[in-house]
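Asks: Starting off with a structure, shown below.
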Amino acid sequence: MNKPRRLVCQAMGLGALMAPGLMQVQAQSGQAERAATVLGGLVWQERKLLGFGTTLGIKAAHADATVLGKALDESVALLQHLDQILSLFRPDSAVSLLNAEGLLRDPPPELVGILRVAQSVSARSAGAFDVTVQPLWKVFDAAQKRGRLPDDKAIDAARSLVGWQGLIVNDRVLALKRPNMGITLNGIAQGHAADRVRAVLQRHGVQHALIDTGEWATLGRNAHQLPWVLGLADPRDETRFITRLLADGRCVATSADDQLSFSQDHRYHHIFDPHTGRSPLELASVSVLAESGALADALTKVFFVAGPQKASGLAKAWGVDALWVDKQGRWTATAGIRQA
């Protein structure tokens, strides 16, 4: 269902808030853990909470602690709202209800909006990104629970239910055209959440922030007025970094074959080629930098399906930068990737 969020991790800047000698305050409020630090005339605050099946976090700064607190409280409330609508981890979420009934009348505007973005990416990518791949996940998950992989017949039957054109999206109703179809927004929801939180912070005048929704967005600089640095974990060894990226204000999304694998050799994993029903064979990890977190998140799957030979052209066509790692651990990045 969801991908564990651990591939892209912030390597420098997060820990700076906990340096010795800084004034720190920690408290508990509701479901979000809070921490505050004062440095260089700015108040830095942090929130952590659960959502989308993982831990989410926001660090941000403002000269006015009250303004900052309101901005972060609103951001936390927004993330909880998005989780209630978009998460498959909640049986009562709007997405879960749509999957259960095949029909959702008067859908939340937030869900309609993200599905329109998803459908536009599907159309432009010739279906390489497709939110209706949920039947494939279900058949692989069911087989894994029995200690094996699904057979070709089961995979092909699930793949026959996949097709973004079979999802009807409008303001009044969402509908799946065929029985047993289903959608998952786990390939776009976390990037979308980063976009929405960043917009909330900016509306409150926040100029420096690190947003972790499972994908990443940054504003300004860290507490020591240095660029945010994101460490890109090796998909075969999560204890080491492939490289470190200098955040440039764009969102960063990563997908990797080890985040949820159905086989030890990572041949079968949570990223599916909607056209074949199987996992793409050539890449182990893809990171995309884009102005939109939702777009970056969705495009990581498009890059997986396209493979390394088409990756550079794909990045140029979409106006994004990307870094991809093949199954042998060799990585390549487009020219706009800034390494620390």
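Asks: Round to a whole angstrom and tell me the spacing of the C-alpha centers of region 113-180 and region 182-240.
Replies: Cα centroid to Cα centroid, the span is 27 Å.
Asks: Here is a follow-up. Determine which lysines satisfy two conditions relative to Lys316: a Cα distance under 21 Å, and not lying fewer than 8 residues away in the same chain.
Replies: By straight Cα distance, Lys316 reaches Lys301.
Asks: Which Cα, out of Gln225, Ala247, Leu82, lies furthest along the positive dipole direction of the chain (beta carbon charges, K/R +1, D/E -1)?
Replies: Selected residue: Ala247.
Asks: If you place +1 on the Cβ of every Lys and Arg and -1 on the Cβ of every Asp and Glu, how big does the dipole about the Cα centre of region 94-176 come out, in debye to the nearest 20?
Replies: Roughly 160 debye, rounded to the nearest 20.
Asks: Here is a follow-up. Please work out the FRET efficiency for the pair Ala126 and Phe241, using the Cβ-Cβ distance as r and a Förster radius of 35 Å; give the result to the nearest 0.05.
Replies: With R0 = 35 Å, the Cβ-Cβ based efficiency is 0.55.
Asks: Let me ask you something else. Using θ = phi - 60° and the Karplus curve 6.51 cos²θ - 1.76 cosθ + 1.60, what whole-Hz ³J(HN,Hα) does each residue of region 114-127 get, with Gly and Pro shown as x?
Replies: 5, 5, 5, 5, 4, 5, 5, 5, 4, 5, 6, 8, 6, x
Asks: Please list the non-local residues whose amide H lies under 5 Å from the amide H of His269, H modeled 1.01 Å from N, same-chain partners needing a gap of 5 or more.
Replies: Those lying under 5 Å, H to H, from His269 are Phe262, Ser279.
Asks: Here's another thing I want to ask about it. Go through [x] 33, 24, 17; [y] 30, 27, 16; [z] 43, 21, 16 and flag the label whose value is the computed semi-axes √(5λ) of the Cα gyration tensor in Å for this structure.
Replies: Entry [x].
Asks: Hey, another quick one. What distance in nm lies between label points placed 7 Å from Cα along the C-beta direction at Leu50 and Asp152?
Replies: Output for this residue pair reads 4.3 nm.
Asks: Another question, then. Compute the FRET efficiency between Asn180 and Asp141 as 1/(1 + (r/R0)^6), taking r as their Cβ-Cβ distance and R0 = 22 Å, and round to the nearest 0.05.
Replies: Here the calculated transfer efficiency is 0.90.
Where a number appears in this text, it was derived from the coordinates with a stated rule and is not lab data. The structure presented is a predicted model; accordingly, all values stated were derived computationally and were not measured. Cβ: placed from backbone, ideal geometry, glycine included. Neighbour counts: every protein chain shown.
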